[in-house]
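The numbers here are math on the coordinates, done by the rules we state, and not lab data. Everything numeric in this text was worked out from a predicted model, so none of it was measured. Neighbour counts are summed over all protein chains in view; Cβ atoms, including those assigned to glycine, are modelled from backbone coordinates with ideal geometry.
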């Protein structure tokens with residue numbers, strides 16, 4: 001295609017009336033997703049076409065807001081063009097109009113120039129709808145017939161931590177939570193690499209639902225690695241042997257660093273080794289589909305992730321007991337069970353079966369560093385920060401405390417004076433929902449070798465290194481990269497810098513670490529927006545994820561009619 005520039009036609013004598021106001025102002029530094037669809041018409045052909053742009057609002061002068069293009073993808077008859085060079089994007093007259101001008105390039109180096117003008121036709125709390133006119137020029141000039149939607153974009157890849165709120169105390173306190181998203185923290189404790197330390201992970205046994213993100217934080221003084229696999233144990237007291245299953249592999253986690261993994265499925269054809277179940281006090285009904293994680297360097301460091309068993313209906317009491325001897329960190333069993341699942345509205349009873357007093361609170365894990373004596377290394381100690389949601393007070397031996405939890409979410413509980421005593425309470429809705437099917441992206445064999453002409457290896461291109469290399473999803477979709485190449489690859493997300501020597505700047509949304517051949521990496525896209533992903537070592541390997549809400553079709557200007565709903 002020829003590199004051709006045409007300018008937007010001047011719209012003269014435009015009368016400003018009967019135009020709806022934009023639902024809200026474009027806030028500075030906020031991101032917006034422009035979703036454009038329709039047709040382009042050339043001399044002899046008409047093609048389907050879509051455009052997805054992510055903009056960041058800048059300064060406002062009068063009624064005009066200048067914006068910056070973060071990412072853009074233009075599709076014409078199944079040919080993809082990525083944004084290149086500098087674009088001009090402006091929101092005019094307080095959101096009533098917009099102008100978009102810029103270049104985009106396909107994988108063969110062909111360039112098109114967009115010159116679009118949008119005029120608002122409707123607006124509500126979900127966003128604004130525009131009619132779009134203008135031209136796209138390349139080897140020929142094509143008129144456009146588009147409609148566009150602009151909505152707020154907030155790209156997030158992992159499910160947010162549930163934020164609970166407290167309800168005034170009653171004889172049986174009630175806890176309410178405002179979000180169904182789940183994230184559970186696991187601490188690799190200080191001294192975990194010592195086989196004589198009976199506590200290596202806290203908690204070491206989790207019961208979660210699919211879609212839960214597990215975050216391991218290395219609070220030890222040496223690096224660790226988290227892998228999942230099939231365990232074989234000779235006796236309850238012996239260290240197990242593992243065969244990695246390729247589901248989880250963190251790579252090296254340096255001291256102070258974290259690794260997260262979102263549980264997308266449980267293989268319910270596999271059963272947890274009974275000796276590991278016995279060691280971690282996991283009842284037989286919770287051993288189907290369990291995921292065992294471990295550190296391959298220190299095979300005595302093991303933990304278990306169990307699938308949630310659907311909670312019973314009704315409002316019965318579910319019990320969590322502080323075990324006899326729990327005050328001794330070498331006891332190995334502290335809470336029984338360490339994780340409990342309840343239905344929203346059920347009551348949890350905490351019972352102290354130990355011979356000394358205990359207290360359980362809810363909170364978040366932290367690690368404090370203490371300076372040792374002169375010449376000695378500082379020490380670290382795992383602690384919790386109470387969040388004020390739950391507090392049993394002092395429970396003497398034999399005493400109990402009850403609390404009712406009314407909504408869904410995850411609460412971590414601990415003893416503030418004996419932090420190795422900790423567990424998880426998961427409140428789950430009894431209403432089942434159909435999970436979103438994950439989308440798989442294959443890293444192709446030989447992807448580390450660039451293909452084609454030099455123009456195919458530039459920073460603003462993507463090629464057949466990922467299958468598919470462009471995907472459109474709805475918020476909440478799990479995305480799984482499978483490394484089918486013969487060498488390791490890394491997946492990062494970032495913004496194009498338009499520089500050949502350093503084509504992308506990581507934005508921190510996606511960061512996989514090394515993905516070994518045959519292994520996978522997954523994230524969940526919870527928000528809306530456009531994400532460019534790439535391999536930082538082989539930057540010609542890059543692709544696009546577009547996350548948009550599910551489309552609802554509407555007819556504008558249709559005759560009125562009556563409809564009966566049944």
| message | How large is the direction-averaged shadow of the alpha-carbon convex hull of segment 439-547, in nm²? | response | 6.0
| What ranking of 387, 78, 103, 354 emerges when the number of other C-beta atoms within 10 Å of each C-beta is taken as an exposure proxy, fewest first? | 78, 387, 103, 354
| task | Please state, to two decimals, what the Cα-based radius of gyration of segment 31-152 comes to when divided by 2.2 N^0.38 Å (N = residues). | result | 1.02
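Listing 351, 426 from the residue with the fewest other Cβ atoms within 10 Å to the one with the most, what is the order?
351, 426
Fewest Cβ neighbours within 10 Å first, please rank 298, 190 accordingly.
Details: 298 19, 190 22.
The most exposed by this proxy come first: 298, 190.
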| message | Quick check: pseudo-label points 7 Å beyond the Cα along Cα→Cβ at residue 396 and residue 364, how many nm apart are they? | response | 3.6
